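Let me begin by presenting the structure, written as structure tokens, before commenting on it.
Just so you know, all these numbers are worked out from the coordinates, no wet-lab data involved. Note that the coordinates shown come from a computational prediction; the quantities given were computed from them, not determined experimentally. Cβ placement follows ideal geometry from the backbone for every residue including glycine, while neighbour counts extend to all protein chains displayed.
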Amino acid sequence: MNERLWIHQEIDLPDEFDVKEDKLFYRNIDLLKLAKDYGSPLRFTYLPVISNQIEMMKMYFQKAIERTDYQGKYSYYYCTKSSHFEHILKKAIQSDIGIEISSAYDIDLIRSLIKAGNITSRTPIICNGYKTPEYQAGITAMIQQGYCSVMPIIDSKAELLYYLQESKGLAPIRIGIRLNLSFIAGYDRKSRFGLSAEDILSFYQQEISKNEKLELSTLHFFNEKGMDNSDDYWNVLEEIVRFYCQLKRLNPKLTTLDIGGGMPFRSHISSDFDLSFLVYRIISTVQTICHEATVLEPNIITEFGKYTVAEATGTIFRICEKKTADEFNWAIIDGSFITHLPDTWAIHQEYPVLPINNWAKNLKPFILGGLTCDSADYYPNVPENEFIMLPDTEEEQFIAFLHTGAYQEALSGFGGVNHCLIPSPKHLIIDRNPNSILEYTVFSEKQNSEQLLNILGYH
Ligand SMILES: Cc1ncc(COP(=O)(O)O)c(C=O)c1O
């Protein structure tokens, strides 16, 4: 059965969902009460999910390492760009992880976390992405100031040349280098990231190996197609590990393979992707190829963004009106997909969507419409004609989009001006105190018109 046409009586909801008195509860949170108490549209972030996700992933790696007697160590890094908020970072780093950053202002974010005592100057920081002069200067300043665990990942020849120059005045530094994946047959994405395999080998031999201040410890890649368990993913991983072995033979200081992000989150209610098997296969693939090449297995780093944060956040909308147009049943939400969940529009991302109330009513198929004037502001925004099943009632109706915590605020420019002046919604943070009691904090109110007009120069 097409998942979007599910009938709730016929599908088992996963453990974190519950329906009581015809209302949806998510991780024991009464979503109708949230909608009524705080209004809609409403973004809510339930912080304990972040710790759970990290702990689960560490456990999967630990088990795979034990099962295969893998000789390398595993380190979890959180990729800040998937959600930069302080409450997210503060929660994530409680699980003893490293942080992966990607731009100049991220350096200030790190400094702010250090200043507040949330991390120390020893917390591992990986500096990824393209380095503008401002970003490069920020990284160098941190290294000079004794942040011993800051490691730049070289993304271009210009950046490598910069460190070859700059390293003269620095204490020895560890660097990583990003491998451009376009040399791999079957990797059909355009990729501007990193250096080619050929360039890495020749730069290592001609420059890095002769520079005693630079230690190339890490090879990094990021398969942007994600860890989807497809043949393509495994082919790419195998090629990269073979390249790692080739580089390791030249460079004994190479110890670590940073396999990037891409661990999936649950984007459908019934997703049952076996992440522990995926992790086991990653570890055993790396191990097998290293054994064949008689090369020591590398330490493994991951930089999981969406896996860490997506499932911690949900977005609640109210249905303003139901109407029939263009032969379809439309349900107009009190928000916008383009501005509140931009990935639904930009990359046709799907999320688990469920009605919050009226569960006893019969269901009817609808397309959800957003408030902007843009004809593309609807969901599901997929080429096929697909629908969301909503209770067939004229009573007040709320719906929840779940697992929306990655990238959406940043892509929609949280707190800025959005299409058709649709305001950023109220954002609520939910945590459990040491006695497991739920605590609610309003992080930000719904943007008001004065704030928007101010940005636009109407003082
Ligand atoms: C270099 C790098 N690492 C990690 C990530 C995180 O990816 P994901 O959110 O898919 O885990 C990204 C995302 O763009 C990235 O560019």
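Once a ≥ b ≥ c are taken as the square roots of the eigenvalues of the Cα gyration tensor of the range 70-304, is the result rounded (a/c under 1.5), prolate (a/b larger than b/c) or oblate (a/b not larger than b/c)?
Judged from the Cα gyration tensor, the range 70-304 comes out oblate (a/c at least 1.5, b/c at or above a/b).
Divide by every residue of the chain the summed helix terms, -39500 (n - 2.57) for each DSSP H run of at least 4, and state the resulting mean residue ellipticity at 222 nm, rounded to the nearest 500 deg cm²/dmol. Working shown, then result.
Details: 14 runs with 143 residues, N = 459.
Taken over the chain, the calculation gives -9000 deg cm²/dmol.
DSSP beta bridges in the chain, what fraction antiparallel, as a percent rounded to 5?
Percent antiparallel among DSSP bridges in the chain is about 50.
If Rh is defined by the Kirkwood formula over all Cα pairs and Rg also comes from Cα, what ratio Rg/Rh do you get for the range 79-179? Numbers along the way, then the final one.
Numbers: Rg = 13.1 Å, Rh = 13.8 Å.
Here Rg/Rh amounts to 0.95.
What is the range 245-329 by shape, rounded, prolate or oblate, if you read a ≥ b ≥ c off the alpha carbon gyration tensor as root eigenvalues and call it rounded for a/c under 1.5, prolate for a/b larger than b/c, and oblate otherwise?
prolate
Applying a 10 Å radius around every beta-carbon, put 95-104, 33-42 in order of their mean neighbour count, most first.
95-104, 33-42
How far, in degrees from 0 to 90, does helix 275-292 lean away from the longest principal axis of the Cα atoms of the chain, to the nearest 10?
20 degrees
Which pairs break 31 Å Cα to Cα here: Lys63/Lys157; Lys33/Lys90; Lys63/Lys90; Lys131/Lys213; Lys91/Lys210; Lys23/Lys446?
Lys63/Lys157; Lys91/Lys210
So, in Å, what gap is there between the alpha-carbon centers of the range 45-121 and the range 406-440?
So the two Cα centres are separated by 20 Å.
State the volume of the convex hull built on the alpha-carbon positions of the chain, expressed per residue in Å³ and rounded to an integer.
On the way: hull volume 77.1 nm³, N = 459.
Expressed per residue, the convex hull around the Cα atoms of the chain is 168 Å³.
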